[in-house]
1. Report, by chain and number, residues whose modeled amide H sits under 5 Å from the one on VAL33, excluding near sequence neighbours (fewer than 5 apart, same chain).
2. What residues qualify as long-range amide H neighbours of ASP112, i.e. H under 5 Å apart, gap of 5 or more or another chain, H built at 1.01 Å from N?
3. Can you give the local net charge around ARG2? Use residues other than it whose beta-carbon is closer than 9 angstrom to its beta-carbon, Lys and Arg +1, Asp and Glu -1.
4. Kindly express, to the nearest 10 degrees and within the range 0 to 90, the angle between helix 146-157's C-alpha long axis and the longest C-alpha principal axis of the chain.
5. If one takes the longest principal axis of the Cα atoms in the chain, at what angle in degrees, from 0 to 90 and to the nearest 10, does the Cα axis of helix 15-25 lie?
6. Per residue of the stretch 59-76, what does 6.51 cos²θ - 1.76 cosθ + 1.60 with θ = phi - 60° give for ³J(HN,Hα)? Whole Hz please, x for Gly and Pro, Karplus curve as stated.
7. Sort 147-155, 6-14 by the packing proxy (mean of other Cβ within 10 Å over each peptide's residues), most packed first.
8. For the stretch 1-127, report the translational diffusion coefficient in µm²/s to the nearest whole number, using Stokes-Einstein at 10 °C, 1.306 mPa s, and a Kirkwood Rh over Cα pairs.
Amino acid sequence: MRRAVCPGSFDPITNGHLDIIERASGFFDEIIVAVGINQSKNRLFEPAERVEMIQEAVASLGNIKVDTFQGLIVEFCKAHQVQAIVKGLRAVSDFDYELQMAHMNRSLAGVDTLFMPAAPHYSFLSSSLVKEVATYGGDVSGLVPESVLRRLQERLSG
Ligand code: PNS
């Protein structure tokens, strides 16, 4: 089985992430969306909420699983028989760090990384910007899936 992982913090998932996941799902038998749990980072949503939002957003796609991981992504890959990591690139500025990680992951465990260009209309989009805009009452509909929009409204109104 050809299996790839789309790792990220997904705090929260955006339509940019979703676009990459959907496109990648056409090239693999199974995609695992892996939510990284990093204690040191300040997050708006708990890992379980992030997983739920992703599950709702990918519900119509047949070959996507959602999971969490801690530690090295290559260990997750080994444990789940994942052959490739798929990453979206929004701009050249993303490439620098992503390339370093891709080399490191290949050197650590022989796991290759496939880069997919983000759709141009999502090239400005990030989870951080979505949270900032939503915090100040800006309209983020069209930038995040419905499952996220609802929770953002709930979270930020409370
Ligand atoms: O959405 P993000 O915050 O850009 O996701 C980054 C993430 C979680 C994919 C990346 O930091 C990662 O893979 N972390 C796991 C720890 C790890 O394997 N680090 C070494 C990578 S070379």
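1. For VAL33, whose amide H was placed from the backbone, the distant partners under 5 Å are CYS6, LYS65, VAL66, ASP67.
2. Amide H neighbours of ASP112: ILE85.
3. Net of charged neighbours comes to -1.
4. 50
5. 30
6. Those phi angles translate into 4, 7, 9, x, 10, 10, 10, 10, 8, 10, 8, 10, x, 6, 5, 5, 5, 4 Hz.
7. Values: 147-155: 17.4, 6-14: 23.3.
Top of the packing list down: 6-14, 147-155.
8. Result for D is 108 µm²/s.
Each value in this text was obtained by applying a stated rule to the coordinates, not by laboratory testing. Values in this document were obtained by computation on a predicted structure and should not be read as measured data. FYI the Cβ positions are ideal-geometry reconstructions off the backbone, even for glycines, and counts take in every protein chain you see.
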